[in-house]
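Down below is the structure, laid out as structure tokens.
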Amino acid sequence: GRGDPKKSGPIGPPARLAVASFPTPTQAAMVGISNDSKGNLVAVGLTSQLRECWSYQLPAGAHQQPIEPIASSNILEGHQGEWWFAAADGSIHIVTEDGKLHDSFARGAVLSGLAVGKHGDQGVVVISSAEGVSAVQISK
């Protein structure tokens, strides 16, 4: 109910903002996509107090189709949670909740959707593009 002072730092205001879908985040309760002072596209982990706790540089470019480029999950064993980023070059980047790159891979197509969740006890990533929709099971 009260206005806090504006937050500022080396990263500009986020163009996108997402809240973690995993329970009790210890560091990045939210993630934004913004530009740094050099104009590079970056994902920025934010604490629940809106303090920057990490940043991860994403590939340059703008998406060719509307897409929500951020997803979160808790499907990788040994991690509090994960952030998934669909980049404009067709690559997908997985950054753990503590800001460390876990993996990245390229789909070779323009992405139009990204969702991550569980089917039973297995993690699943669903990716859509002009080529269709595919689901990939994530092994623990």
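The values are calculated or read from the model by the stated rules, or taken from the named source; none is laboratory data. Just so it is clear, the model here is predicted, and its values are computed rather than measured. Quick reminder, even Gly has a Cβ in these numbers, built from the backbone with ideal geometry, and neighbours come from all protein chains shown. The area values use the complete protein model at the heavy-atom level, side chains included, leaving out ligands, DNA and RNA. Shrake-Rupley method; radii C 1.70, N 1.55, O 1.52, S 1.80 Å.
Per atom type, the chain shows carbon and sulfur on 50% of its accessible surface, probed at 1.4 Å. On a per residue basis, the chain carries 57 Å² of accessible surface, using protein heavy atoms and a 1.4 Å probe. Note on Lys118 and Gln65: with the Förster distance fixed at 25 Å, the Cβ-Cβ geometry gives a FRET efficiency of about 0.40. Computing mean projected area of the Cα convex hull in nm² for the structure here picks out one of (1) 9.8; (2) 11.1; (3) 9.3, namely (3).
Go through Gln49, Gly117, Ala20 and say which Cα lies farthest out towards the positive end of the charge dipole of region 1-123; charges sit on Cβ, +1 for Lys and Arg, -1 for Asp and Glu. Value: Gln49. Directionally averaged projected area (region 68-133, Cα convex hull): 4.4 nm². In terms of accessible area, using a 1.4 Å probe and ignoring ligands and nucleic acids, Thr24, Thr47 rank largest first as Thr24, Thr47. On full extension, the segment bounded by Asp89 and Ala15 gains 24.8 nm, given 0.36 nm per residue less the C-alpha separation.
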